[in-house]
1. With the checklist (1) surrounded by fewer than 19 Cβ atoms within 10 Å (Cβ to Cβ); (2) more than 11 Å from every other protein chain (Cβ to nearest Cβ) in hand, flag the one item B:Leu133 doesn't pass.
2. Pick from the range C:377-389 the residues that are out of contact with any Leu (no Cβ under 9 Å at 6 or more places or on another chain) and more than 9 Å from chain A (Cβ to nearest Cβ): which of them is nearest to C:Phe328 (Cα to Cα)?
3. Which helices (runs of 4 or more DSSP H) does the range A:332-416 wholly contain that include 3 or more residues that are under 22 Å from C:His418 (Cα atoms) and touching a residue at least 24 places away in the same chain (Cβ under 8 Å)?
4. So in the range A:1-52, with the set limited to residues that are of a type in the set (A, V, I, L, M, F, W, C) and not in a helix (DSSP H, G or I), which one is modelled with the lowest pLDDT?
5. Which members of the range B:81-119 meet the condition of being more than 9 Å from every other protein chain (Cβ to nearest Cβ), touching a residue at least 24 places away in the same chain (Cβ under 8 Å) and over 19 Å from B:Leu71 (Cα atoms)?
6. Kindly provide the set of residues from the range B:213-227 that are at negative phi, within 20 Å of the chain's Cα centre (by Cα) and either of a type outside the set (Val, Ile, Thr) or not in a strand (DSSP E or B) (or both), ordered by number.
7. Tell me whether the range A:376-386 contains one or more residues that are within 28 Å of the chain's Cα centre (by Cα) and surrounded by 24 or more Cβ atoms within 10 Å (Cβ to Cβ).
8. Considering every residue within the range C:452-459, establish whether at least one is modelled with pLDDT under 85 and more than 14 Å from chain B (Cβ to nearest Cβ).
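The values are calculated or read from the model by the stated rules, or taken from the named source; none is laboratory data. Here the structure is a predicted model, which is why all the values come from computation and not from measurement. Positions of Cβ are backbone-derived with ideal geometry, glycine not excepted, and every protein chain shown enters the neighbour counts.
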Amino acid sequence: MMLPDTLKEQALAGAALLDKELQEQAKQQSPHASNGLSAVRDAGRVALAEQVFPDKKVEQWKYTSLLALQNGHLKALADKTSSTVSAPDFGGVTLTIINGRLPALLPEIDGVTFSQEAVDQSAQAESVFSHYNAATLRAALTIKVAKGTHVAEPLHLIIISESDSPASAAVRLHIEAADNSTFTVIEHYVGSGPTLCSSTTSLYAGANSNVQHYRLQSETPESLHIGELSIHQQRDSRVASYQLMQANTLRRNNVRVWMNESGADLVMRGVFIARNKTHVDNQICIEHAAPHCTSDQIFKGIAGESGKAVFNGRIHIHPGAKGSDAKLSNKNLLLSNGAEIDSKPELEIYNDDVKCAHGTTVGQMDSQQQFYLQSRGISAEAAKRMLGVGFINELLMALPNERVAEWARDWLSASL
Amino acid sequence: MLEVKDLHASVAGKDILKGLSLHIKPGEVHAIMGPNGSGKSTLSNVLAGRDGYEITSGEALFNGVSVADMLPEERARAGIFLAFQYPVEIPGVSNMEFLKSSMEAIYTARGQEPLDAVTLLRKAREVCKLVDLDQQFLKRGVNEGFSGGEKKRNEIMQMLLLEPRLALLDETDSGLDIDALQVVAKGVNSLRSPERSIVLVTHYQRLLDYIVPDFVHVLAGGRIIKSGGKELAHELEDKGYSWLEGHDA
Amino acid sequence: MSNQAELDKLVRSEYSAGFTTSVESDTLPPGLNEGVIRFISEKKGEPDWVLEWRLAAYKKWLEMKTPTWAHIHHPPIDFNEVSYYSAPRSMADKPQSLDEVDPELLRTYEKLGIPLHEQEMLAGVAVDAVFDSVSVATTFRSKLKESGVIFCPLSEAVHEYPELIKKYLGSVVPQGDNYYAALNSAVFSDGSFVYIPKGVRCPMELSTYFRINEAKTGQFERTLIIADEGSHVSYLEGCTAPQRDENQLHAAVVELIALPGATIKYSTVQNWYPGDAEGRGGIYNFVTKRGVCHDNAKISWTQVETGSAITWKYPSVILRGDNSIGEFYSVALTRNRQQADTGTKMIHLGKNTKSTIISKGISAGRSENAYRGLVRISPRAENARNFTQCDSLLIGDQCGAHTFPYIESRNPSATLEHEATTSKVSDDQLFLCRQRGIDPEKAVSMIVNGFCKEVFKELPMEFAVEAGKLLEVSLEGSVG
C-alpha cells in the first residue's frame, strides 16, 4: 500500500479507537453537557475519510516526508493520565494538559473564563492533520479574556504528550482576547517517548488588544509534533508571537496569521534547531487582508549533523491591502556535512502601495570569530556553542518575559 | 514676481489655505513662519503643483501668469524651484543623470543652450564644494541612502545649478545641525540677486539669523495674520506663536 | 494632468512588430501525431537516428501531464489545433546566397531593424534569421569559419556535424525533461547551432532572430551552443511575432555546453506579441533553457522579457565543474493581461562554484509577474557561493508581483544570500522629477531604467540601448 493510504487507514483507526473509548466512558458515567466537542469530532472523522494524506509531490510537503508516521502513531492514542515530565516555571498561572486531557479543575483569573467548549476550526484546516486533530480530541480548551481586561501575569499552559510506544495525543486551544484587553499566554509543549502531538491553536486578538504569545516546543528528539497555529487580528490589535522549536523526529509548524482589519501589527520571532537526524518544517503565512497593517518576522535556524530544517515564509498582500508594510528575515547556520537547510521566502503581492522585503541567508559560523575565541583558550566545542547562542541571542534578548528568555538560553546552550 | 491673491486651497477635500495673499517682488527674500498645521507646506506645494493640492478659489500669478493650469514641470521650467521638506529617494537613477535631464529641460525652455556633459560635471562639482557635499554623491542614486542633512544640501545643490527665478524652500532648515544650517544659508545667500526671489518657509527663527529676510509673514489658520520686517521673527521667538493667536479672527 | 493620468497614458502603447508578411508558405494542417513528426523529419532530410530520437520524445510526451505549478492561468492548450511546420515556399529549394532569398523575407527583417545584407549590418554581429520553422539566412558564415567557428542552422548541422550533434543534443535538456521540452524534442523545427573551437574567442557577436509569421503555427526551435575548452562566445537572441487574435505557441529548447575554461554569454531580448489590452491573442512562451559548466567555465544568462501573453522560462546553470560560475540577469516587464513566471535554477555541484542572480520584475496594468528560482547546494559543493537579489516594481494597484525563491543548502561551507524588495513608482518620485522640469514620460522611464540598471549593464552595448528603448516603448501607454 502507498504511504498516504496507509496513513489514512491508521488515522481512521485512531479516530475509531477514541470513539470506542468514549462509548466505554459513557456507559460508566452520565454524559457530559454538550460543549460542541462531539460535533467537532464527528465532522473531523467525516473529513478525514474524504481527505488524502500528502506526499512529497504536494508543494507544501516538498521537504517533509511522513514516512516516520508509518510506525503507527496515528492509530494509537497516548493513554497515560499522569506524567513525571517536568516543565520550568515561568511565573503566573499554570494549567497542565496530559495527553489531551484537561485537569479536573480549571484555573481562575479575574476577567478570564475557561471552558471546555470546542470551536469548529474546520474552515481553516491547513491540512488533513487538522481533521485528524478534530477526530481524535479527548478535550478542548477555550479561554476568553473579557473586554478591557489587563492580565498582568502570564497564563502558562504545559502540554505533555507521553507514551512508551508510538501513539498520538490531540490538543485544541482556542483563545479570544476581547477588545482593549492585554494578555500573555505561554504554550509549552513537553513530553517523552515516541509520541505524536497533534496540536491546533487559534488565537483571536480583538480591537486594540495587546497579546503576547509564546509557543515553546521542546519535546524529546524521538517525539513527533504536527502543529497548527492560526492568529486572527482585528483593528489596531498588537500581537507578538515568539516560537522556539527543538526539531524532533518530525516537527511541522504551520502558522497562518490573518490581518483582517486595518492597523493591526504583528511581531513574530522564531528559533528552530535541528540536530542529530531531527527534522523541523516551518510553514508560515501572513495574510495581509486589510489596509495599513504591519508585520515584522525574524526566524533563525540552525542545522547540524544530519538535521534538516525547513523554512517557508509567505507574505500575501491581498488586493486592497494598501499601505501594508511586511518584513521577513530568515537567517540560518548550517553546521556540518549531512545537515540541510531549505528556505523558501515567498512574496505574493496584489497591491502597489506596499512596502515588502524579505531576506534569507544560509551560512556557517564565522571562522575568524571562532579562532579568536579559541586563541583566548576556549575549546572549539565551547566556542561553537557560544557563537551559536550568540547567533540566536539577538532574538532572545528581545523576549519580554525574562524567565522564558533565561530558560531559552539554557535550552539553546544544551542543544548546541 | 509672485502675486498670491485671496488663495483658498484644499488637500484631499480639506480646506487648508483660507484666503492667503502675498506679493513678492524680484530680489526680495520673504520668510513665512507659523506653527505646525498652519498651512506653510501646503502653500509651497500648491505653488509647485503637487498632485492633490487644489486651488479652490483666488489665484496665484507667477510673472503675471496664473500657475493653476500649469503642470508641475511647466512651472519648474518657468523658473519655480521647490526645495522639498522631505526629499524623495529614487534608487538606481544617479544624481548626475537626474541633474542632466532636469538642466536640459529647464535650459531648453528658457531658450538657453543646455550645458555639455563636461561643463555640467565641472559646474556640479563646484556647487557640491560650495554646499560641502562630497562629489561621490553625484554618482549615487538621487537621495538614495543620504542622511537627512545630505538630502537637504542636495536640494540646495540642485537649486544652485538650476538658477531658478523663484526659490521656495520648504522647511529646508528643519533637522539640520548648526554647521549644516550655515552651509545651506551660504548656498542660499550666494543665490540672492535683484532678479531672483526667495521664499523661506520655516518653523524656526534661527535660519533667519543666517539668511536675513526682507519680510516676515506669520501664517496661521491658512491665512497670513501678521507681516513685518526681520525683527518680527525675533519677536516671535521671544513670545511664541500664542502671542499672535488673538489676531486670527 | 495628475500623475495617475500620466501613468495611465504611459501604460498604453502599441506593439510595433505586429505586422504580418505575406509570403506563400507550405504549412502543415493543424494536428500532432507520429505522421507529423515523420513529415518534419523527412522535410529536413534527417538521418534515421534523429527521427528515432524525435519519436522517443513523442512517446514520453504522450505520457506526461501539463505542469500546473506555475503562477499562470490559461485555458487548456489544444495541441491538435497547432500547426507544427510552416516554411516560406521560396525556401523549398534552399537559396544558396542572400541574393536568392525572397526579398519579401529580407524586407521583414529590415522592418524589424535587422538588415541581413552584411554590408548594412551592425559591424561585428552575425545573424541567423529563423522564420517560422526554417532558417532563411545566416550571415558572416565564411568570415566566422576563418577562425573555425561554426554558426549554422541546426538542420544543417545534423548533416554536417553529426558527431557533435549526437554527442550533445539532449545532453543538457533530456527529451523527457519536462512537458514542453518533450514536445519540442518531438517536433523541433529549426534553430541555431554554434561550435567555438578550443581557445578561440569568437570574433563577433552571434545572434539569432526568431520570427513567427504564419497563423495557427507554433514555433519549436532548438538551439545548441558548444564552447570548447578555453573559448569565449557572446550570443544574442531576439523574437517578434505578428499581432493576431489567437494565442500562438512557442516552445523552444536551448542547450549550452561550456567545456573547461569556456565562457558563454547568452542574451535574450524577447518581444513576442503580448496580446492586446483585453488579453486577446499573444504568444504562449514555454521555454526550457539550460547550460552546463565544466571546470572553470562560466555561463551568463541575460534576459529582457517584454513580450508574450505568457512567459514560462527558467534559464538555468548546472555548475558541474569546480570553480565554475553561473549568472542570471533578468528584467521582466508585464502589462495589460500579460503573465510571466520566470527565474532561474543554479545547481551547485562542483567546489568553489559561484552564482549570481539579479532579477527585476515590473508589473503594470492587470498583469501578473512572478520570479521563481532555485539555488541548490549539493553536499560536495564546498565553498559554494550564491547571491540573489530580486526586486519588484509595481505600477498600478491591479497587478500582481510575486517571488518564489527556493533555497536548498546541504554543505556547511556554502554561503547563500537572498534579498527581495517590492516597491512602486511613487507619486513623490514623479513629483520630484516634474518639479525639476522633467517630463513625466521621461521621469517614469528614468525611474524604470534606474531600477533595471544592474541588468542592462550586462547586455552587449547595442542590445542595452535596444532594451532600454523597448522598455520605454512598452511602458508608453502601458502603465496604469
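1. Going through the list (1) surrounded by fewer than 19 Cβ atoms within 10 Å (Cβ to Cβ); (2) more than 11 Å from every other protein chain (Cβ to nearest Cβ), B:Leu133 breaks only (1).
2. Taking the range C:377-389 as the starting set, the residues that turn out to be out of contact with any Leu (no Cβ under 9 Å at 6 or more places or on another chain) are C:379, C:382-383, C:389.
Retained after the next criterion (residues that are more than 9 Å from chain A (Cβ to nearest Cβ)): C:382-383, C:389.
Values: C:Glu382: 21, C:Asn383: 20, C:Gln389: 10 Å.
Only one residue tops the list, namely C:Gln389.
3. Values: elements: A:367-375, A:380-397, A:402-415.
Those helices (runs of 4 or more DSSP H) span A:380-397.
4. Of the residues in the range A:1-52, the ones of a type in the set (A, V, I, L, M, F, W, C) are A:1-3, A:7, A:11-13, A:15-18, A:22, A:26, A:33, A:37, A:39-40, A:43, A:46-49, A:52.
Next cut, not in a helix (DSSP H, G or I) only: A:1-2, A:33, A:52.
Working: A:Met1: 75, A:Met2: 88, A:Ala33: 52, A:Val52: 92.
Across the range A:1-52, the extreme among qualifying residues is A:Ala33.
5. B:Gln85, B:Asn95, B:Met96
6. Initial filter on the range B:213-227 (at negative phi): B:213-220, B:223-227.
Retained after the next criterion (residues that are within 20 Å of the chain's Cα centre (by Cα)): B:213-220, B:223-224, B:227.
Passing the criteria: B:Pro213, B:Asp214, B:Phe215, B:His217, B:Leu219, B:Ala220, B:Arg223, B:Ser227.
7. Restricting attention to the range A:376-386, the residues satisfying the condition of being within 28 Å of the chain's Cα centre (by Cα) are A:384-386.
Checking the rest, the ones that are also surrounded by 24 or more Cβ atoms within 10 Å (Cβ to Cβ) come to none.
There is no residue in the range A:376-386 that is within 28 Å of the chain's Cα centre (by Cα) and surrounded by 24 or more Cβ atoms within 10 Å (Cβ to Cβ).
8. Checking the range C:452-459: at least one residue is modelled with pLDDT under 85 and more than 14 Å from chain B (Cβ to nearest Cβ).
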